[in-house]
1. From the list 32, 25, 62, 42, which residue is at pLDDT 95 or above and out of contact with any strand residue (DSSP E or B) (no Cβ under 9 Å at 6 or more places or on another chain)?
2. Can you run down the residue pairs with Cβ atoms below 7 Å, 6 or more apart or on separate chains, where the first is in the stretch 33-61 and over 17 Å from residue 76 (Cα atoms) and the partner is modelled with pLDDT under 95 and in a strand (DSSP E or B)?
3. Identify all residues within the stretch 18-65 that are loosely packed, with under 11 Cβ neighbours inside 10 Å and assigned to a strand (DSSP E or B); write none if there are none.
């Protein structure tokens, strides 16, 4: 039994890390004199235009965004989600 537990622990430690993750959120505060702020799944994340924002238009309060996290769970990019023709929406798509 102990060998099985050790084997399972080894597999858990050496398994391939999860791929990058994308989640949707909303802008709560526009960057200006201080950092912007967005909320994703109940957690708030500060951001600035120079380090994470990857969309031509500046963020606006209430804007729906897609946030990209690396394998370590660090926020690495934010893009606005705009409506596509036909009602669907996607990151960076102009209507």
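1. Result: 42 is the single residue among 32, 25, 62, 42 that is at pLDDT 95 or above and out of contact with any strand residue (DSSP E or B) (no Cβ under 9 Å at 6 or more places or on another chain).
2. Hits for this filter: zero, empty list.
3. 43
The values are calculated or read from the model by the stated rules, or taken from the named source; none is laboratory data. Remember, predicted model here, so these are calculated numbers, not experimental data. Every residue, glycine as well, gets a Cβ built from its backbone with ideal geometry; the counts of neighbours run over all protein chains shown.
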